[in-house]
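J.: First, the structure itself, so that you have it in front of you.
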Amino acid sequence: MNTERRNLRNGLLFISPWIIGFLFFTIYPLFSSLYYSLTKYNLITEPEFVGLQNYRELLFVDDVFFTVLGNTMYMIFVGLTLTTIVTIFIAILLNTKDIKGMSFFRVVFFIPTLVPFVVLAILWIWILQPDSGVVNSVLGLIGIEGPGWFASPKWAKPGFILMMIWMSGNMILIYLAALGDIPKTLYEAASIDGANVLQKVFHITLPMLRPAILFNGITGMIAIFQSFAEAFIITNGGPDNATLFYSLYLYKNAFQYFNMGYASAMAWILLIIALTMTLIFFRLSKRWE
Amino acid sequence: MKKIFVFLIFLLAMSITMIGCSSGTTSDENENTGDSSDSSSSDNQGGDGASAGSFTYWYPWGGDSETWDEWRMEKYEEETGVSIDAVYAPPDGGLSNGKLLSAISGGNPPDLVISNDYALAYGLAAQGALEPIDEYLANAGFSEDDVLEGFVPLMKQEDGNTYLFPQDSNVNLLYYNVEMFEEAGLDPDQPPQTIEELDAAAEALTKVEGDEIERLGFIPWLDAGDGSYLWGWVFGANFFDPENNQVTLNQQALIDTYEWMDGYAQKYNPEKIKSFTSGFGGAFSPDHPFFTGKVAMTVNGNWFANALKLYSPDTEYRVAAIPSPEGGRENATTFGTNVFLVPKGAENPQAAIDFALYGSKQDILADNINTWRSISIWKETTDAIEWENDHVYDMVLDVAASSNSGHPALTSIAGQMADELMSLRDSVIYNDNNVADLLQAAEEKMQKEVDEN
């Protein structure tokens, strides 16, 4: 046996636990869900093949599906955009070198990401409690009557966006690392040319952060498509379906309505949407270059 | 040397994978062998019924209810020698969160589950996820004639087999604050009986100053009123016609129900109402709006009397039957029945059913009722019940015995229909949408689900 082949064999052996796990726990479920998406299946009785009926129903009949998709898209286009702006702003502030104790503030912004989802959800029920919560109490002090937050179909999603921003410490961390990679010489050159702070941010910082923004954008988008626990605990989709997000509706179909085939079809549509949006992100990011 | 090293790594990798893949089955086998040896040994001990051994039991409750159930299990284990492997499965025995369904389809279900969501349990039975229990009930000496008529339809499916066994039940009542009644010039001895009287009392009890709500007399969708079926049932609706397999949502009774709710929404602004009442705690916390005086009347289960005793002992309250409109169901409630079920593929169903029936033994049943003011499903009552001359319990019994009380929407899609009606209600109260149109659309959608199942 020559060295190359032996190395290949050894290499494969070394990663074999992962390969086996990948085949059994990722590839098999993936393709079985594709099959189930073409069936009527309640997990108990044998699946019954129905062709593309589940997809047809989702796309042309089920109006809740579009409400759900709309809610999720709102979180991506409004929520993720706001989160990105806020996190970059915070990262730039935290990157200031000449303030003492900056590492303390960096830790402060990261701490919320260590809180488990369930605890976080219950904490935010409190924070955004319309009658006596912290946010509305503070708003009351400056004469603003706070909204109903999770009790209001209009304000429930903005409530979730606030939560999202609060726990975006991971994003801040990535932006901080990317900011550290920007060569100082660029700023120095700009200063010599007479650029002000805003010009530096828009012409040096943001373009140099592009790969980090792309990464955070894609992972953030996928996280929003998958987000489930917060809405499940806080609102269970209400009021008036305002917080019925994609994963929550998928879960309800799968485990509460016994429509596993329908839920599988939803999962595949989700995959296609996420894939398409990722490709668009990549395209846009290239054009920006 | 190198070859041996590579071989060892390979062996390690394979064994880790094998262990990973097979842990489920190995533990299953262990359980199986454990079961069979156990059952033979306790058969010899002459247990309660024909079977014994050990069985797995999922229950949904925490807190005091859990303590009570643990007491019952311990007592049963002592008396029979059967060992119970009890698993806490919130929020309803693992029915609504997929835990039970996954266990059944994975071939590793518990032997017995108790659930506080009878509608979902009924749906599971209709989907074929449960084991028929007639044979085991018969072996344990159970006779259907001993059960109150109101509970029999819940136990059975179309095929004539029995799938659910009720442990006990709860009713919903109107709770009202006596002090506030007197303050508003209402007679606490004459609680509202009709919807008109309820609305008038609510109006008199409400305190709004300018834009600020200080107190609301009544909110239809608070507490038990938030359930999808209660008000519709009281207004006289039948959500489903089992004989013709027809969903019947677009009917006058339901139109009236939601238009009545919309009246409250338009008057006080639904967002304001929800903000005003959305405390952090549920009924078992001092934060409930009835305890804090934010609402003067509310509809809730009989167990709420226990919560009042614990968290708001100074509130002077009384109870009455839920007010109903003309042509609706007088003196009625939807039951909140706790049911036992045996999942398909259970290994020791007889032991499970023996335990389920143990709860109906006189002393256990009496203790249950004395602790929780719950309702027995049996025609014959026991002398050990201590609630005589208790005004709440008198009303509980009165409403429970009413022929107007029942389990609405016994269908395979009860859970989905409940969600549909909930979002329909929100659509009406938040957006003032046309009720009849929404009901027609919901009826068609649900009918399609029924036809497909």
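The values are calculated or read from the model by the stated rules, or taken from the named source; none is laboratory data. What you are looking at is a predicted structure, and each value in this text was computed from that prediction instead of being measured. Please note: Cβ atoms are built from the backbone with ideal geometry, for glycine as well, and neighbour counts cover all protein chains shown.
J.: Could you pull out the residue among A:Leu52, A:Leu23, A:Leu34, A:Leu38 that is closer than 18 Å to A:Met266 by Cβ and free of Cβ contacts under 8 Å to residues at least 40 places away in the same chain? Lay out the reasoning, then the answer.
T.: On the way: A:Leu23 fails: closer than 18 Å to A:Met266 by Cβ; A:Leu34 fails: free of Cβ contacts under 8 Å to residues at least 40 places away in the same chain; A:Leu38 fails: free of Cβ contacts under 8 Å to residues at least 40 places away in the same chain.
From the options A:Leu52, A:Leu23, A:Leu34, A:Leu38, the qualifying one is A:Leu52.
J.: In region B:335-363, which residues are over 19 Å from the mean Cα position of the chain (by Cα) and modelled with pLDDT under 90?
T.: B:Lys361, B:Gln362, B:Asp363
J.: Next question. Name the single residue that is farthest from the other protein chains (Cβ to nearest Cβ) among those in region A:214-255 being assigned to a helix (DSSP H, G or I) and charged (D, E, K, R).
T.: That would be A:Glu230.
J.: Which residues, counting only those in region A:82-119, are of a type in the set (Ser, Thr, Tyr) and under 11 Å from A:Ile165 (Cβ atoms)?
T.: Across region A:82-119, the qualifying residues are A:Thr83, A:Thr84, A:Thr87.
J.: Let me ask something else about it. Going through region B:113-132 one residue at a time, which ones are at pLDDT 95 or above, closer than 25 Å to B:Glu66 by Cα and assigned to a loop (DSSP other than H, G, I, E, B)?
T.: none
J.: Test B:Leu310 against the criterion of being surrounded by fewer than 19 Cβ atoms within 10 Å (Cβ to Cβ) and assigned to a helix (DSSP H, G or I), and give yes or no.
T.: In short, yes.
J.: Now, a different point. Looking at A:Leu179, A:Leu139, which is the one that is in a helix (DSSP H, G or I) and within 16 Å of A:Asn216 (Cβ to Cβ)?
T.: Exactly one of A:Leu179, A:Leu139 is in a helix (DSSP H, G or I) and within 16 Å of A:Asn216 (Cβ to Cβ), namely A:Leu179.
J.: A further question follows. Looking at B:Thr298, B:Thr315, which one is assigned to a strand (DSSP E or B), surrounded by 17 or more Cβ atoms within 10 Å (Cβ to Cβ), more than 14 Å from chain A (Cβ to nearest Cβ) and not acidic (Asp, Glu)?
T.: Only one candidate qualifies: B:Thr298.
J.: Looking only at region B:86-112, count how many residues are part of a strand (DSSP E or B) and out of contact with any Asp or Glu (no Cβ under 9 Å at 6 or more places or on another chain). Quick ask: steps written out before the conclusion?
T.: Filtering region B:86-112 down to residues part of a strand (DSSP E or B) leaves B:86-88, B:112.
From what's left, out of contact with any Asp or Glu (no Cβ under 9 Å at 6 or more places or on another chain): B:87, B:112.
So the answer is 2.
J.: Could you list all residues from region A:110-162 that are in contact (Cβ under 8 Å) with a residue 60 or more places away in the chain, surrounded by fewer than 20 Cβ atoms within 10 Å (Cβ to Cβ) and touching a Leu at 6+ places or on another chain (Cβ under 7 Å)?
T.: Hits for region A:110-162 are A:Phe110, A:Ile161.
J.: For region A:184-213, which residues satisfy the criterion of being among the aliphatic types (A, V, I, L, M), surrounded by 15 or more Cβ atoms within 10 Å (Cβ to Cβ) and in a helix (DSSP H, G or I)?
T.: A:Leu186, A:Ala190, A:Val201, A:Ile204, A:Met208, A:Leu209, A:Ala212, A:Ile213
J.: Please determine, by comparing only the residues of region B:377-422 that are assigned to a loop (DSSP other than H, G, I, E, B), in contact with a strand residue (DSSP E or B) (Cβ under 9 Å, 6 or more places away or on another chain) and not β-branched (Val, Ile, Thr), which one is farthest from B:Glu452 (Cα to Cα).
T.: Across region B:377-422, the extreme among qualifying residues is B:Lys379.
Table: residues versus (1) within 23 Å of A:Pro239 (Cα to Cα); (2) modelled with pLDDT under 90; (3) within 14 Å of another protein chain (Cβ to nearest Cβ).
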| residue | (1), (2), (3) |
| --- | --- |
| A:Phe110 | no, no, no |
| A:Leu114 | no, no, no |
| A:Leu128 | yes, no, yes |
| A:Gly148 | yes, yes, yes |
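J.: State whether the residues of region B:236-248 include one that is of a type outside the set (A, V, I, L, M) and at positive phi.
T.: Of region B:236-248, the ones of a type outside the set (A, V, I, L, M) are B:236, B:238-246, B:248.
Next, from what is left, pick out any that are at positive phi: B:236, B:245.
Within region B:236-248, one or more residues are of a type outside the set (A, V, I, L, M) and at positive phi.
J.: Can you tell me which residues in region B:344-376 are among the small types (Gly, Ala, Ser) and touching a strand residue (DSSP E or B) at 6+ places or on another chain (Cβ under 9 Å)?
T.: B:Ala346, B:Ala351, B:Ala352, B:Ala356, B:Gly359, B:Ser360, B:Ser374, B:Ser376
J.: Mind listing just one residue for me: the one in region B:398-449 that is more than 12 Å from chain A (Cβ to nearest Cβ) and over 25 Å from B:Thr333 (Cβ atoms) and, of those, surrounded by the most Cβ atoms within 10 Å (Cβ to Cβ)?
T.: Looking at the filtered set, the residue picked out is B:Gln447.
J.: Scan A:Ile234, A:Ile213, A:Ile192, A:Ile224 and give me the residue that is under 18 Å from A:Leu270 (Cβ atoms) and either of a type in the set (Val, Ile, Thr) or not assigned by TED's automatic domain parsing to the domain that holds A:Ile161 (or both). Let's see the steps before the verdict.
T.: On the way: A:Ile234 fails: under 18 Å from A:Leu270 (Cβ atoms); A:Ile213 fails: under 18 Å from A:Leu270 (Cβ atoms); A:Ile192 fails: under 18 Å from A:Leu270 (Cβ atoms).
Exactly one of A:Ile234, A:Ile213, A:Ile192, A:Ile224 is under 18 Å from A:Leu270 (Cβ atoms) and either of a type in the set (Val, Ile, Thr) or not assigned by TED's automatic domain parsing to the domain that holds A:Ile161 (or both), namely A:Ile224.
J.: Looking at region A:219-277 only, could you name the residues that are under 18 Å from A:Gly79 (Cβ atoms) and among the charged types (D, E, K, R)?
T.: A:Glu230
J.: Quick test of your reading of the structure: A:Lys97 fulfils all but one of (1) within 14 Å of another protein chain (Cβ to nearest Cβ); (2) surrounded by fewer than 17 Cβ atoms within 10 Å (Cβ to Cβ); (3) farther than 25 Å from A:Gly220 by Cβ. Name the failing condition by number.
T.: The number of the failed condition is (1).
J.: When only residues in region B:408-453 that are within 14 Å of B:Leu254 (Cβ to Cβ) and among the small types (Gly, Ala, Ser) count, which is modelled with the lowest pLDDT?
T.: The selected residue is B:Ala409.
J.: Please go through region B:238-280 and give me each residue that is more than 14 Å from chain A (Cβ to nearest Cβ), of a type in the set (Val, Ile, Thr) and in contact (Cβ under 8 Å) with a residue 60 or more places away in the chain, ordered by number. Full working, then the answer.
T.: Going through region B:238-280, the residues more than 14 Å from chain A (Cβ to nearest Cβ) turn out to be B:238-257, B:259-260, B:263-264, B:266-267.
Those still in the list that are of a type in the set (Val, Ile, Thr) too: B:247-248, B:255, B:257.
Passing the criteria: B:Val247, B:Thr248, B:Ile255.
J.: Scan A:Leu58, A:Leu43, A:Leu12, A:Leu23 and give me the residue that is within 13 Å of chain B (Cβ to nearest Cβ) and surrounded by 12 or more Cβ atoms within 10 Å (Cβ to Cβ).
T.: None of the others qualify; the one that does is A:Leu43.
J.: Is it true that A:Met102 is away from chain B (no Cβ under 13 Å) and either within 30 Å of B:Glu452 (Cβ to Cβ) or in contact (Cβ under 8 Å) with a residue 12 or more places away in the chain (or both)? Outline the logic, then answer.
T.: Details: away from chain B (no Cβ under 13 Å): yes; either within 30 Å of B:Glu452 (Cβ to Cβ) or in contact (Cβ under 8 Å) with a residue 12 or more places away in the chain (or both): no.
Spelling it out, it is not the case that A:Met102 is away from chain B (no Cβ under 13 Å) and either within 30 Å of B:Glu452 (Cβ to Cβ) or in contact (Cβ under 8 Å) with a residue 12 or more places away in the chain (or both).
J.: Is there a residue being in the same structural domain as A:Ile269 (by TED's automatic domain parsing), free of Cβ contacts under 8 Å to residues at least 40 places away in the same chain and farther than 14 Å from A:Tyr262 by Cβ anywhere in region A:78-85?
T.: yes
J.: Of everything in region B:115-132, what is touching a Pro at 6+ places or on another chain (Cβ under 7 Å) and closer than 20 Å to B:Leu357 by Cβ? Give them in sequence order.
T.: Step one: filter region B:115-132 for residues touching a Pro at 6+ places or on another chain (Cβ under 7 Å), giving B:115-116, B:129-131.
Result: B:Ser115, B:Asn116, B:Leu130, B:Glu131.
J.: Of the conditions (1) at pLDDT below 95; (2) more than 21 Å from the chain's Cα centre (by Cα); (3) at negative phi, B:Ala283 satisfies every one except a single condition; which number is it?
T.: Here B:Ala283 clears every test but (2).
J.: Tell me the helices (runs of 4 or more DSSP H) entirely within region B:150-248 that contain at least 2 residues that are within 22 Å of the chain's Cα centre (by Cα).
T.: B:152-155, B:230-234
J.: Give B:Asn269, B:Asn238 a once-over and let me know the one that is more than 27 Å from A:Ala151 (Cα to Cα) and surrounded by fewer than 23 Cβ atoms within 10 Å (Cβ to Cβ).
T.: Working: B:Asn269 fails: more than 27 Å from A:Ala151 (Cα to Cα).
Result: B:Asn238 is the single residue among B:Asn269, B:Asn238 that is more than 27 Å from A:Ala151 (Cα to Cα) and surrounded by fewer than 23 Cβ atoms within 10 Å (Cβ to Cβ).
J.: Could you list, in sequence order, all residues of region B:94-136 that are away from chain A (no Cβ under 11 Å) and without any contact (Cβ under 8 Å) to a residue 24 or more places away in the chain?
T.: B:Glu135
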